Amino acid sequence: MSAAVPSPALSLLSNRGFAAVLAYRIFALLSYQVVAVTVGWHVYELTRDPFSLGLVGLAEVLPFFCVAPFAGYLVDHLPRRKLGMAACAALGTTALTLVAIAAGWLPFRGTWPIYAAIALTGMARSFLSPVYNALFARVLAREDFVRGAGLGSVIFQVALVTGPALGGLLVGFGGKALSYGAAAAFALLAIAVLARLRVEEPGPPAVDLPIFASIAQGARFVLGNQIMLGAMALDMFSVLLGGVVAMLPAFIHDILHYGPEGLGILRATPAAGSICVGLWLARRPLQQHAGRVLLFAVTGFGVCVIAFGLSRQFWLSALILLAYGMCDGVSVVVRSTILQLATPDEMRGRVSSINGIFVSSSNELGAFYAGTMARLLGLVPAVILGGFAILSVAGATAWKAPRLRRLDLRELQ
């Protein structure tokens, strides 16, 4: 791992530790994604109300916010592998609870038991990314971080493709309980991978601050780094305002007139675009003009949101979401690379948790925002307005964060 020249992208998979960390990530994400697409269909089937889809995001993000700062602290102080196993066990518990709800084994009715189960997912997810990012840095040499981040993005997007598509197919052909059961099986596989992983855990921090002071130290580090803060904020506001994916069950039912199989396809299509970008950037790592490419990608993301809102054809909508995912893929790879290169090892858990708060703000709060705006303005006008807001965010970031705009990733290595 001490070679002076970065390894070719695919050769990194011969590193058993890195391959195991990627396997943990994909199985955990498959568990979460299968549940996400099934819950969306489940809730909309019960309510026929786009606002109820927004409440799914809110039910997950509020517990996430409460736990995430402490999760980062724990990842920096406790064995990361065991924390990851505990988080995956919580994902499996959520899935099994939803099996019981879908099968009618519990004496509860309505949507509130579903929201309660999803709250546990929010707490579990607060550990997943900090554990992944911390283990990533322990199994790879620093010179391989850029290519490793590209491959990690590909694995992430493979799960985003496979999970929704699988969830949609399982719901369509086997029912909701079967889909939730598959999610529990994926969580068990993630636990098994981490149980077999052998990695050197870091020792305790040189200066062991009290818990709240330690969390504040991580926050100050992020807030004082214009490049890292700018990339996180750009991603957060873009996805917060462009919550297309959360509204897909409503688009499928009311605009495009497809069944759950179509929902799985549309949920998977953005990730397919991101995979294409991730593979390209793993082979040809983005270095020079990375900031400008990021800003252009976010602009394209906003244009795709507007186009999706205007589309009335299923396959045209799928093609638009493919381009949407390609633009988002650039943001994911650039932000992940910045996070790995700019963060000291002893702070990876806390910084990754702060990044997770930004990301979950954009995804889950974005789902709540999209559901609220759809109720106030109507489904299509809300999506189109969000696209124009994203274009404004890209322009404001280019103006307010000149270091990010001029970013060359070689400066961080």
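Brief remarks follow.
- Filtered residue count, region 171-183, keeping only those that are open to solvent by less than 30 Å² (accessible area, probe 1.4 Å) and either at pLDDT 95 or above or under 12 Å from Val37 (Cα atoms) (or both): 4
- Selection status of Val131, open to solvent by 10 Å² or more (accessible area, probe 1.4 Å) and either within 17 Å of the chain's Cα centre (by Cα) or in contact (Cβ under 8 Å) with a residue 60 or more places away in the chain (or both): no
- Meets criteria (under 26 Å from His42 (Cβ atoms), out of contact with any Cys (no Cβ under 7 Å at 6 or more places or on another chain) and either free of Cβ contacts under 8 Å to residues at least 24 places away in the same chain or in a helix (DSSP H, G or I) (or both)) for Ala216: no
- All positions within region 44-67 that are more than 17 Å from Val244 (Cα to Cα) and aliphatic (A, V, I, L, M): Leu46, Ala59, Val61, Leu62, Val67
- Sole residue being part of a helix (DSSP H, G or I), touching a residue at least 12 places away in the same chain (Cβ under 8 Å) and more than 19 Å from Asp345 (Cβ to Cβ), chosen from Gly152, Gly172: Gly172
- Within region 99-123, considering residues that are over 18 Å from Ala177 (Cβ atoms) and open to solvent by less than 30 Å² (accessible area, probe 1.4 Å), the one modelled with the lowest pLDDT: Gly122
- Qualifying positions in region 54-71 - closer than 12 Å to Ala124 by Cα and of a type outside the set (A, V, I, L, M, F, W, C): Glu60, Pro63
- Residue ID - modelled with the lowest pLDDT, chosen from residues in region 369-413 that are within 30 Å of Val67 (Cβ to Cβ) and either open to solvent by 60 Å² or more (accessible area, probe 1.4 Å) or of a type in the set (S, T, N, Q) (or both): Tyr369
- Only listed residue being in contact with an Asp or Glu (Cβ under 8 Å, 6 or more places away or on another chain), under 24 Å from Ala159 (Cβ atoms) and either in a helix (DSSP H, G or I) or hydrophobic (A, V, I, L, M, F, W, C) (or both), chosen from Gly40, Gly57, Gly84: Gly57
- Hey, Leu96 under 22 Å from Val245 (Cβ atoms), at pLDDT 90 or above and open to solvent by 10 Å² or more (accessible area, probe 1.4 Å) or not: no
- Within region 272-302, tally of residues that are touching a residue at least 12 places away in the same chain (Cβ under 8 Å) and basic (Lys, Arg): 2
- Qualifying residue in region 171-182 (condition: within 22 Å of the chain's Cα centre (by Cα) and closer than 23 Å to Leu58 by Cα): yes
The values are calculated or read from the model by the stated rules, or taken from the named source; none is laboratory data. Being a predicted model, the structure only gives us computed values, none of them experimental. Heads up, the Cβs are rebuilt from the backbone with ideal geometry, glycines too, and the neighbour counts pull from every protein chain shown. Heads up: the accessible areas ignore ligands, DNA and RNA and are worked out on the full protein's heavy atoms, side chains in. Shrake-Rupley method; radii C 1.70, N 1.55, O 1.52, S 1.80 Å.
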